[in-house]
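Some notes on the structure that comes next.
The values are calculated or read from the model by the stated rules, or taken from the named source; none is laboratory data. A quick note: this is a predicted structure, and the numbers were derived from the prediction, not measured. Note that each Cβ is placed from the backbone with ideal geometry, even for glycine, and that neighbours are counted across all protein chains shown.
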Amino acid sequence: MRHAPQSITSIPRSPEDERRSRMTKYLVTMSIRIVCLILMLFVQGWWLAVCAAGAILLPYFAVVLGNVGTSWVSRAERPTAIEVYRRPEAPTNPAEPEEPRP
């Protein structure tokens, strides 16, 4: 049974890269929330309701997007079988009878 060779593209992202990506998503979402909070001081009518909804709902979406990592578990290659290696034993001659042990 031959296995496909391991390729560098099949290796999942490092935890540090994944964490940096999640922090960037969180930072962008919370920055948009700050803009919504500031715009609430200057807009009227429906725009005020849109900015208020953004200021209220964006923290939830920022946390959800920040906590959603990549699904690297399903993409990582896993061994299909475990091979156990044992030391080879000295060959025994089946023609000679074994001596009984006391």
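Observations
- Filter result for THR24 (out of contact with any helix residue (DSSP H, G or I) (no Cβ under 8 Å at 6 or more places or on another chain), modelled with pLDDT of 85 or more and of a type outside the set (Gly, Ala, Ser)): yes
- Within the set GLU77, GLU89, the sole residue that is modelled with pLDDT under 60 and either part of a loop (DSSP other than H, G, I, E, B) or hydrophobic (A, V, I, L, M, F, W, C) (or both) turns out to be GLU77.
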